[in-house]
1. Each label point is 7 Å from the Cα along the Cα-to-Cβ direction; what then is the distance between the points at Leu431 and Asn152, in nm?
2. Quote the FRET efficiency, to the nearest 0.05, computed for Phe386 versus Ile353 with a Förster distance R0 of 25 Å and r equal to the Cβ-Cβ distance.
3. Please compute the length gained on full extension between Glu260 and Val11, using 0.36 nm multiplied by the number of residues separating them and subtracting their Cα-Cα distance.
4. Take the Cα pairs of the chain, get the Kirkwood Rh, then feed it into Stokes-Einstein at 20 °C and 1.002 mPa s and tell me D in µm²/s.
5. Does the stretch 225-381 come out rounded, prolate or oblate by the C-alpha gyration tensor, with a ≥ b ≥ c the root eigenvalues, rounded set by a/c under 1.5 and, if not, prolate when a/b is larger than b/c and oblate if not?
6. Along the Cα→Cβ direction, 7 angstrom out, place labels at Trp111 and His318. What is the inter-label distance in nm?
7. I need the shape label for the stretch 152-220. Rule: rounded when a/c is under 1.5, else prolate if a/b > b/c, else oblate, with a, b, c from the alpha carbon gyration tensor.
8. Ranked from highest to lowest mean number of other Cβ atoms within 10 Å per residue, what is the order of the peptides 368-380, 289-301?
Amino acid sequence: MKTGQRASIWVTSVLLAALVALYGLWIVTETPSYWETFLFVTLLMLMLAAAIIRLVPFVLTYFATGKEPHLERDGERTYRRCGLRELTRVVLWILILRVVQLLLTYLIHFWLFGYTETFFRVQRIWLDFYHVEMCFPAYPLLSNLFWFVTFNFNHARFLSAYFCTAVAGAMLYYWTLLDFDRSVARRAVLIFFLLPASFLLLGTLPDALFLLFSMICLMFARKRQFVLANLFAMLSVMTHVFGALLFVPCIIEFAQTLREDMQTHREEGSGYLWRRISAAVSFLLIPLGFVLVMLYSDRMFGSPTALFEAAQSRYGYHASLPFSSVAALCDRFLEALRTTSGNELLYELGNTIPNLLYLLLGAAMLILAPGRIRTSYIAYMLITFFAVLCAGVLLEAPRLLSLCTPFLLTLVLSVRKRAVRYPLFFVSFALLLLYLTAVVGGYTIYGV
């Protein structure tokens, strides 16, 4: 048996043993209330096990050789540069799509309630999504810059979400082009805005700003400009706590850069040492983001941890076993089926079914990702998925998994055939309309 195969077997065995131990600990300490819950959690555990079995050989090969041959440009891929004019077209198309969403909002409101308010009055629904006093500082500070246009802070946050979403979509397009062709990049943008949770980007939430910062971070990390990548990772941390997870793809790409430099003797070049030291030191910007959040919290609310405590009290976040939150959500879903009816049942279904479906889809993407996207992106997917599972509650799972764009990229690369792709487009758009209707009708979903 070769050394690489032996190492793969050992690493896989250790990871599977850890996963089974967590699964067993959950069963012993938090026995599920329903047998359906046990079956769903078991299915999710088996999917994660399959993802580990698929992932380990790719990761070990990557660290052993430093190459990802499946990403070599050939065939239909092109080296033609993506210029400002092309990105501007992407931004304009996304802005138009967002205007179409405003029109759909009014039409759905008219269908549900008849003519009760004007077009612009109906759009106020997008201004009431978030308690801005509870969010991390980057969102209120940067979105308030639009006050100089609107002279209204609520409207300023709406414009911020509107334009940040468009620029973030353009960055998604450009980021995809770094490894794939234009057809993949166009489908990535299209599928992203057809995902059921994507319509929330128009609301006064920090999601659009976080997506923008995280996409720019991943783009600079891929281009091996680590000081800029870590700067935008810091801004992501100052927008949402999950921004800290961007450390993982950045450090993997940095390690790979050092490896390539040693193989090609670039370290002998002039100024090399200074460039690499500055890149390494720039990783301190990510924890600095948390320091700035705590300083802001102390300045505004009198306690460095006030923002974290507010999120914990509002959403119930707490550290938990990976399968505990899934089991709690399944039990909630099954309890609603057995005990409630009417609007209460619809509310519970709307807050549980998409979360469960997104978890299954995310686990499926973890299985399919090896051999399709970069190893650093898969690591980002994996740590994001487990962070969502260990947050104690899954109310925001669809939003958070949607904002981790490597999941999206894997989905795009997995549905290249038209016979699969077009039904996916149709189902996604139908679900988007369904949940947009729910929000216009007064239901709260996806944790907002």
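The values are calculated or read from the model by the stated rules, or taken from the named source; none is laboratory data. Computed from a prediction, not measured in an experiment: that's the story for all the values here. Methodologically, a virtual Cβ is constructed for each residue, glycine included, from the backbone with ideal geometry; neighbour enumeration extends over all protein chains shown. Heads up: the accessible areas ignore ligands, DNA and RNA and are worked out on the full protein's heavy atoms, side chains in. Shrake-Rupley method; radii C 1.70, N 1.55, O 1.52, S 1.80 Å.
1. The modelled label-to-label distance comes out at 3.4 nm.
2. 0.70
3. 87.2 nm
4. Rounded to a whole number, D works out at 92 µm²/s.
5. Oblate, because a/c is 1.5 or more while a/b does not exceed b/c.
6. It works out to 4.2 nm between the two label points.
7. prolate
8. Peptide ranking by packing, descending: 368-380, 289-301.
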